[in-house]
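Here's the structure we're looking at; comments come further down.
The values are calculated or read from the model by the stated rules, or taken from the named source; none is laboratory data. Keep in mind that what you see is a predicted model, and the values were worked out from it rather than measured. Glycine gets a Cβ as well: all are built from the backbone with ideal geometry, and neighbour counts include every protein chain shown.
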Amino acid sequence: MKKLSKIIGITAFCLTSGNFVFAQGVQTGLTLGASLGGASTQNYDSSGIISNTTKTQGGAYGGFAVGYDLALTQNISLGVESGFYYGYSLASLKADGLDKSNLNQWNIPLLIVGKYTFNNGVNVFAKAGATYVHQQITNTDTYFVPGTNGTNFEFLPELAAGVGYKFTNGINIGGQLGYLFGSTADLRTSNSYHGNDVKVAASVTLTAYISYTFPI
């Protein structure tokens, strides 16, 4: 009985040790995560407004992600990722005596993710794909050409890259820099319009994230 207990104990230790080492490397599994940070779009053009104006560029940005990673080797993985993200007041314009106009965006990405994980748990990654972006601009009747629609949507290319660290329990933390390839024209300029719509603006995002991998 004592020998059996020793064998079970040694086996459990070996299995635990193996998972401990591998957990710092690549794992095949489902990933769930959340991120929070900031984003910025093109600024408003205030030409033609007589009263004093106040402009801001950049606002809060965050959301959650779900994905799947496939371990190709001990250090390399390839996966897919989607989720939902929201950016509030990524640009704004306010004239004295008038309500503020805000640009808000929410998006749903579909990205391919390539990741390299070093033996010490540090990882670097790159993402690329297409993203559905829904844009809302408030108070268009006040600041834009009459008849301008306050909402618009487009499918835009997106690129992102970042660095993280994976703990032995499957938790991963890190940071990411992303870019959505939308319109780079300042809002309210002639190049920012497409018919009665305001083109969906390009945006830069910088976020910190935490995620967990459910091994499969």
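Quick notes on this one:
- Candidates 67, 97, 121, 48, filtered to the one that is at pLDDT 95 or above and either out of contact with any strand residue (DSSP E or B) (no Cβ under 6 Å at 6 or more places or on another chain) or under 30 Å from residue 172 (Cα atoms) (or both): 67
- Residues of the stretch 152-170 classified as at pLDDT 95 or above, surrounded by 14 or more Cβ atoms within 10 Å (Cβ to Cβ) and more than 12 Å from the chain's Cα centre (by Cα), total: 6
- Residue ID - farthest from residue 211 (Cα to Cα), chosen from residues in the stretch 30-52 that are in a loop (DSSP other than H, G, I, E, B) and among the β-branched types (Val, Ile, Thr): 50
- Qualifying residue in the stretch 85-98 (condition: surrounded by fewer than 17 Cβ atoms within 10 Å (Cβ to Cβ), of a type outside the set (A, V, I, L, M), touching a residue at least 12 places away in the same chain (Cβ under 8 Å) and touching a helix residue (DSSP H, G or I) at 6+ places or on another chain (Cβ under 9 Å)): no
- For the stretch 160-190, residues that are assigned to a strand (DSSP E or B) and polar (S, T, N, Q) total 3.
- Taking the criterion of being crowded, with 16+ Cβ neighbours inside 10 Å and assigned to a loop (DSSP other than H, G, I, E, B), the only residue of the stretch 53-76 that qualifies is 58.
- Counted residues, the stretch 115-129 - those being surrounded by fewer than 16 Cβ atoms within 10 Å (Cβ to Cβ) and outside any loop (DSSP other than H, G, I, E, B): 5
- Subset tally (residues that are under 25 Å from the mean Cα position of the chain (by Cα), among the β-branched types (Val, Ile, Thr) and farther than 30 Å from residue 125 by Cβ) for the stretch 172-202: 1
- Test: residue in the stretch 142-151 that is assigned to a strand (DSSP E or B) and not small (Gly, Ala, Ser): yes
- Selection of the stretch 183-216 for residues being crowded, with 21+ Cβ neighbours inside 10 Å and either at positive phi or touching a Phe, Trp or Tyr at 6+ places or on another chain (Cβ under 6 Å) (or both) yields 187, 188, 205.
- Considering the stretch 78-114, and only residues there that are β-branched (Val, Ile, Thr) and either in a loop (DSSP other than H, G, I, E, B) or over 12 Å from the mean Cα position of the chain (by Cα) (or both), the residue that is nearest to residue 193 (Cα to Cα) turns out to be 112.
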